[in-house]
Amino acid sequence: MKVYRFTCIVCPLGCSIEVKVENGKIVDVTGHTCPRGQEWAIEEVTSPKRIVMSVVPVEGGALPTVSVKTAEPVPKDKIPKLMRFLAGLKLKAPIEIGRVVAEWEGIKIVATRGA
Amino acid sequence: MEPMPQIPMLSYDVVVIGGGPAGMAAAVKAKELGLNVLLLDENDYLGGILPQCIHPGFGLHYFKEELTGPEFASRLARRMVELGVEYRTSSRVLEIRNYSDLEKVVIFTSPAGVYQAWAKAIIYAAGARERHAFEIGIVGDRVAGIYTAGEAQTLMDVYGILPGKEIVIVGSGDVGLIMARRFALEGAKVKAVVELMPYPGGLARNVMILKDFNIPLYLSHKVVEVRGRGRVQRVKVVKVDENFNEVPGSEFWIEADTLVISAGLVPSVKKLKKIGVEIDPATGGPIVNDRLETSVPGIFVAGNSLLINDLVDYVAEQGELAAEAAKEFIDKGGIESRNWVKVEKGENVRLIAPHYLSGDRDVHLYLRVARPMEDVEVRVPEIGKRLRLPVVKPAEMIRLKLKAEEIQKAGEKLTVEVVGA
């Protein structure tokens, strides 16, 4: 049996969660105080995901970059590839906050600053 | 006192100093309450540090959804514009003068020249400054490549410049941890996070970041020296014992081209000190009553100038509270003097604000503990109040709500203590 220990990142409470895995199957989750934490811990073992943020150069804006985030959490192992994709992006002002500025493997990239 | 005739004069009900979340929330609220407001900020854009905090995690309490820093800032800025709040960026406050309770002057420079803004009340929301390398005892060469975390963040996340390739971070508070993730995501190698205390300084969820990127965390260690020619080349790290004394023979060098200092924030209160505002040495911010009014009547303070907060939501909440208080101050010609209930620090409470309570209204006390503890109660023995918490850490602010009727039960003072449950 394998035991994974995490600090939950769903909210600032930061519960210490333990997930027990036997033959690739989750047998027990303990330490969480809410269902969201439990769900997150299971996902953290089976397919961990993160929201990814970065900045992209923008031409003609008030600032030289616009900040972006993924509209949904991205599988952790795909993050380096996504970052390389973002590093190749160039945008032109005007950009309104909230606009989808690109899409990568079906994941929307959203501007989090205006430019 | 006469106005200064040579400097153009403006007149307002309230001048808000600082265009970050505390200042913007204050300006919005003051305008909604019908006050004539001017907001000043020395940056060339609104938002304070938020536009550079591009990570998510903001706004869960205040806007009931998770936003990034720029998104949080833009909501407040948009509201300011909708309401027609007058604001000036690239405007630096030179001096505050306090002529009388309802006559105050803020002298500021702006691209259009120097002005004096008269106001009945001032809301001071100028934020905090970062502690720098010399302040934490790092010696060695004065070379390029030493930044505070905020400077590095501005370079990377506003101007799009990666500050270095091989980075050592001093301090494992939230800012240091979040910067570690940003550097790693952008392709820099974070060689170490060095923390003086025996435990990490940041929220547990941010400590997870280090695992995500396999970044080593050295607890009970400090950076003592930096060496390089022209640019940082290596930094010296040494282990410390429980009294923070260096352990002889434990030193080692880490090769790096960049040192990022994330050693905590200090409220910016210089201009308040100059006009005699009393400062609490524990918070580093002013001593305030439950209207967030300082010891100088009509000068209110909110956000990280009051005390270092860990959630922007609380900062915005303080801004609104200060605006409501300014409204009361202007309408009544002052905040009523009375026998305030004094808030005292008990067992394992390192700092707490506000310092004086009226009992007229419900209040949020913001406090931090001195050392981490598990399974505790936050207690106010004078009124029998108890709040049970699974864990407390110095990095995590505790927000304790007291109801007006509870405060009324206290005598001259109430003590807040954090003790084993």
B plus A alone minus the pair: what accessible area, both sides summed, probe 1.4 Å, in Å² to 100?
-> 2200
May I ask you to list the residues of the range B:195-232 whose amide nitrogen lies under 12 Å from a point 7 Å from Cα along the Cα→beta-carbon direction of B:VAL139?
-> B:224-226
Give the calculated FRET efficiency between A:MET83 and B:TRP253 to the nearest 0.05, with a Förster radius of 41 Å applied to their Cβ-Cβ distance.
-> 0.85
Name the helices (complete DSSP H segments) of chain B with a Cα length along the long axis of 18 Å or more and a Kyte-Doolittle mean of at least -0.5, or state none.
-> B:69-83, B:312-332
In nanometres, what is the gap between the two model label sites at B:ASP360 and B:LYS409, each 7 Å from Cα along Cα-to-Cβ?
-> 2.3
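So what's the convex hull volume per residue for the Cα atoms of chain B, in Å³?
Working: hull volume 63.9 nm³, N = 421.
So the per-residue Cα hull volume is 152 Å³.
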Free-by-geometry Cys in the protein assembly as shown, Cβ-Cβ under 4.7 Å as pairing rule, reported as A:CYS11, A:CYS34, B:CYS53
Overall Cα dimensions of chain A - principal axes, largest extent first, Å = 56, 27, 17
Considering only protein heavy atoms and a 1.4 Å probe, what is the carbon-and-sulfur percentage of the accessible area of the protein assembly as shown?
-> 50
Note to self: with every protein chain in place and a 1.4 Å probe, the protein assembly as shown gives an accessible area per residue in Å² of 44
On average, how many beta carbons from a partner chain sit within 10 Å of the beta carbon of a residue in A:61-69?
-> 5
Each label sits 7 Å from Cα toward the beta-carbon; between B:ILE275 and B:LYS342 the label points are separated, in nm, by 2.6
Do you know which residues of the range B:202-248 lose at least 10 square angstrom of accessible area in the protein assembly compared with their chain on its own, with a 1.4 angstrom probe?
-> B:LEU203, B:ALA204, B:ARG205, B:MET208, B:LYS211, B:ASP212
Quick numbers on the range B:104-244, Rg and Dmax over C-alpha atoms in Å, give 18.7, 55
In whole angstrom, and with the biggest value first, how far do the Cα coordinates of the range A:2-46 range along each principal axis?
-> 32, 13, 13
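Using helices alone, what [θ] at 222 nm do you get for chain B, with -39,500 (n - 2.57) per DSSP H run of 4 or more residues, divided over all residues and rounded to the nearest 500? Show your work: numbers first, answer last.
On the way: 8 runs with 89 residues, N = 421.
My calculation for chain B gives -6500 deg cm²/dmol from helical runs alone.
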Could you work out how far the C-alpha centroid of the range B:175-193 sits from that of the range A:73-87, in angstrom?
-> 16
Sorted by accessible area with a 1.4 angstrom probe, largest first, how do A:ILE42, B:ILE335 fall?
-> A:ILE42, B:ILE335
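For the pairs A:LYS49/A:LYS69; B:LYS64/B:LYS403; A:LYS69/B:LYS165, note any where the Cα-Cα span goes beyond 20 Å.
On the way: A:LYS49/A:LYS69 14 Å; B:LYS64/B:LYS403 23 Å; A:LYS69/B:LYS165 23 Å.
B:LYS64/B:LYS403; A:LYS69/B:LYS165, as the Cα separations exceed 20 Å there.
Which GluC sites (Glu not before Pro) in the range B:261-326 sit in a loop by DSSP (not H, G, I, E or B) and have at most 16 other Cβ atoms within 10 Å of their own Cβ?
On the way: sites: B:GLU278, B:GLU293, B:GLU317, B:GLU320, B:GLU324; in loops: B:GLU278.
Answer by residue number: B:GLU278.
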Taking a 1.4 Å probe, which of A:ASP77, B:ASP41 shows the most accessible area, and what order do the others take after it?
-> A:ASP77, B:ASP41
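Tell me, what is the Rg over Rh of the range A:53-111, with Rh the Kirkwood radius over Cα pairs? Intermediate values should be presented prior to the final figure.
On the way: Rg = 11.2 Å, Rh = 11.6 Å.
Here Rg/Rh amounts to 0.96.
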For the range A:5-60 and the range B:351-421, compute the distance between their C-alpha centroids and round to whole Å.
-> 31
Can you give the net charge of the other residues whose Cβ lies under 14 Å from the Cβ of B:TYR12, counting K and R as +1 and D and E as -1?
-> +2
Could you name every residue in the range B:149-181 that has 30 Å² or more less accessible surface in the full protein assembly than in its own chain alone (probe 1.4 Å, ligands and nucleic acids excluded)?
-> B:VAL158, B:TYR159
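Using a cut-off of 14 Å between beta-carbons, work out the net charge of the residues near A:VAL52 (Lys and Arg +1, Asp and Glu -1, A:VAL52 not included).
Numbers: positive: A:LYS49, A:ARG50, A:LYS69, A:LYS76, A:LYS78, A:LYS81, A:ARG84, A:LYS108, B:ARG181, B:ARG182; negative: A:GLU72, A:ASP77, A:GLU103, A:GLU105, B:ASP157, B:GLU186, B:ASP212.
It works out to a net charge of +3.
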If ligands, DNA and RNA are left out, what is the accessible area of A:LYS2 with a 1.4 Å probe, given in Å² to the nearest 10?
-> 120
Which of the trypsin sites (Lys or Arg not before Pro) found in the range B:310-380 are in a DSSP loop and have at most 16 neighbouring Cβ atoms, other than their own, within 10 Å?
-> B:ARG338, B:ARG361
Let me know the shape class of the range B:46-157, please: from the alpha-carbon gyration tensor, a ≥ b ≥ c as square roots of the eigenvalues, rounded when a/c is under 1.5, otherwise prolate if a/b is greater than b/c, or oblate.
-> oblate
Expressed to one decimal in nm², the mean projection of the alpha carbon convex hull of the protein assembly as shown is 27.5
How many angstrom separate the Cα center of the range B:240-267 from the Cα center of the range B:318-346?
-> 41
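The values are calculated or read from the model by the stated rules, or taken from the named source; none is laboratory data. Keep in mind it's a predicted model, so treat the numbers as computed, not measured. Ideal geometry is used to build each Cβ from the backbone, glycine not excepted, and the neighbour counts take in all protein chains shown. Remember, those area values only see protein heavy atoms, side chains included, never the ligands or the DNA or RNA. Shrake-Rupley method; radii C 1.70, N 1.55, O 1.52, S 1.80 Å.
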